[in-house]
Amino acid sequence: MKKNLLVLAFLVGLLTCCKSEDAPIKPVKPTDPGSINKEYMSRAETTFANIFKYYWSDKVRMMFGSYPNTLGTPQEPSSPDYNSHAYLWGLGSVVSAFNAIVQNTDNVDFRMTYESRLKETLLKYYNTTKEPMCFGCFVNPHDQRLYDDAIWVGIDLADLYSKTKDSWYLDYAKSVWNFVLSGKDDELGGGVYWDENAKDSKNTCSNAPAVVLALKLYQITNDAAYLENGKDIYKWTKSKLQDPSDYLYWDCIKTSGKIETSKFSYNSGQMLQAAVLLYNATGEEQYLTDAKL
């Protein structure tokens, strides 16, 4: 059975988020929630270790996109082949899994085991061929860059800085934000595009997490510019892409004005998180109301 890197990395995050009232993986006394939490963390770390065992290549210092890999070994890093190595979308989920574990454990050995390799492979995706520099979908020299893919990475980098105080994470999170701002203009009254090259739609998946990243950077730096931009993008997304009948969010609006009405849970989920972060930052009740709706 082919196993997808994105799905396995998501599982790691799920394990770290499980609470004591959830069904335990193996029988544990309900009076000992600490034991349950330790069990989930152990499972998460084991899953993460297996991701590296089966997806990481020491040869090119990168991760495969799937297992088993039909090519046997990765091609040169310049080839954007899914069977060769992970797109940024898949690699970003590994960064999310790493972040989830780091946030929930003080196990320094875990961090030291994987951190340098994740930094190394992320830099292979860091496109320096055009300004502002940021992570691309593939490794250099391919220059396709999607705003949402980079933002997901940026959010985890901001979180990792908050936990570790390693300035490397903050520097690259800020570079993602600069890239986001380059995709924001007055077309359709504001908002961030989805695809840097095409620029034919503005999507919830590129705007909602942009607000989350802005607010996380505001929490770290106390720079009001992050807050104001976050509020502006949130307002635009709500006005253009929220379905007033159920308060969920449509997928995107084309530059022609046509709305793609598909609804995905992560879009509404990111706007919910954005609303909570804005409420925490401003105390304005409307954001809390939005989150509840």
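I'd like to know if the range 206-217 contains one or more residues that are closer than 25 Å to Leu88 by Cβ, touching a helix residue (DSSP H, G or I) at 6+ places or on another chain (Cβ under 6 Å) and not in a helix (DSSP H, G or I).
no
Whether any residue in the range 72-89 is closer than 27 Å to Leu170 by Cβ, modelled with pLDDT of 85 or more, surrounded by 18 or more Cβ atoms within 10 Å (Cβ to Cβ) and of a type outside the set (A, V, I, L, M) is what I want to check. Step through it out loud before you land on a result.
Step one: filter the range 72-89 for residues closer than 27 Å to Leu170 by Cβ, giving 77, 85-89.
When the remaining residues are screened for being modelled with pLDDT of 85 or more, the result is 86-89.
Filter again for surrounded by 18 or more Cβ atoms within 10 Å (Cβ to Cβ), leaving 86-88.
Those left that are additionally of a type outside the set (A, V, I, L, M): 87.
Looking for residues that are closer than 27 Å to Leu170 by Cβ, modelled with pLDDT of 85 or more, surrounded by 18 or more Cβ atoms within 10 Å (Cβ to Cβ) and of a type outside the set (A, V, I, L, M), one finds at least one in the range 72-89, hence yes.
Filter the range 239-293 for residues that are aliphatic (A, V, I, L, M) and either farther than 14 Å from Gly191 by Cβ or part of a strand (DSSP E or B) (or both) and give the result.
So the first thing to find is which residues in the range 239-293 are aliphatic (A, V, I, L, M), and the list is 241, 248, 253, 259, 271-272, 274-278, 281, 288, 291, 293.
Once the filter is applied, which keeps residues that are aliphatic (A, V, I, L, M) and either farther than 14 Å from Gly191 by Cβ or part of a strand (DSSP E or B) (or both), the range 239-293 yields Leu248, Ile253, Ile259, Leu272, Ala275, Val276, Leu277, Leu278, Ala281, Leu288, Ala291, Leu293.
Among the residues of the range 185-199, count how many are closer than 19 Å to Gln144 by Cβ and either out of contact with any Leu (no Cβ under 8 Å at 6 or more places or on another chain) or in contact (Cβ under 8 Å) with a residue 60 or more places away in the chain (or both). Outline the logic, then answer.
Of the range 185-199, the ones closer than 19 Å to Gln144 by Cβ are 192-199.
With the extra rule that they be either out of contact with any Leu (no Cβ under 8 Å at 6 or more places or on another chain) or in contact (Cβ under 8 Å) with a residue 60 or more places away in the chain (or both), the set shrinks to 192-193, 197-199.
Total meeting the criteria: 5.
Within the bounds of the range 156-178, is there any residue that is in contact with a Cys (Cβ under 7 Å, 6 or more places away or on another chain), crowded, with 23+ Cβ neighbours inside 10 Å and not in a helix (DSSP H, G or I)? Even if it seems obvious, please write down each step before you answer.
Just the residues of the range 156-178 that are in contact with a Cys (Cβ under 7 Å, 6 or more places away or on another chain), to begin with: 175-176.
Among the residues that remain, those that are also crowded, with 23+ Cβ neighbours inside 10 Å are: 176.
Those still in the list that are not in a helix (DSSP H, G or I) too: none.
No, there is no match, as no residue in the range 156-178 is in contact with a Cys (Cβ under 7 Å, 6 or more places away or on another chain), crowded, with 23+ Cβ neighbours inside 10 Å and not in a helix (DSSP H, G or I).
Within the range 15-61, which residues are in a helix (DSSP H, G or I), modelled with pLDDT under 85 and surrounded by fewer than 18 Cβ atoms within 10 Å (Cβ to Cβ)?
Taking the range 15-61 first, the residues in a helix (DSSP H, G or I) are 15-17, 33-55.
Adding the requirement that they be modelled with pLDDT under 85 leaves 15-17, 33-36.
Cys17, Pro33, Gly34, Ser35 - these are the residues of the range 15-61 that are in a helix (DSSP H, G or I), modelled with pLDDT under 85 and surrounded by fewer than 18 Cβ atoms within 10 Å (Cβ to Cβ).
Within the range 90-123, count every residue that is part of a loop (DSSP other than H, G, I, E, B) and free of Cβ contacts under 8 Å to residues at least 40 places away in the same chain.
The first filter runs over the range 90-123 and keeps only residues part of a loop (DSSP other than H, G, I, E, B), leaving 105-107.
Now restrict to residues that are free of Cβ contacts under 8 Å to residues at least 40 places away in the same chain: 106.
Total satisfying the criteria: 1.
What tally of residues in the range 179-194 results from selecting those that are assigned to a loop (DSSP other than H, G, I, E, B) and either at pLDDT below 95 or over 14 Å from Thr237 (Cα atoms) (or both)? Please lay out each step first, then the result.
To start, the set of residues in the range 179-194 that are assigned to a loop (DSSP other than H, G, I, E, B) comprises 183, 185-186, 190-191, 194.
Filter again for either at pLDDT below 95 or over 14 Å from Thr237 (Cα atoms) (or both), leaving 183.
Residues in the range 179-194 being assigned to a loop (DSSP other than H, G, I, E, B) and either at pLDDT below 95 or over 14 Å from Thr237 (Cα atoms) (or both): 1 in total.
Does Ser206 satisfy being closer than 25 Å to Thr282 by Cα, buried (at least 24 other Cβ atoms within 10 Å of the Cβ) and either touching a His at 6+ places or on another chain (Cβ under 6 Å) or of a type in the set (Ser, Thr, Tyr) (or both)? Lay out the reasoning, then the answer.
Numbers: closer than 25 Å to Thr282 by Cα: yes; buried (at least 24 other Cβ atoms within 10 Å of the Cβ): yes; either touching a His at 6+ places or on another chain (Cβ under 6 Å) or of a type in the set (Ser, Thr, Tyr) (or both): yes.
Yes, satisfied.
The values are calculated or read from the model by the stated rules, or taken from the named source; none is laboratory data. If you're wondering where the values come from, they're calculated on a predicted model, not measured in any experiment. Counting neighbours? That spans all protein chains shown, and the Cβs are built from the backbone with ideal geometry, glycine included.
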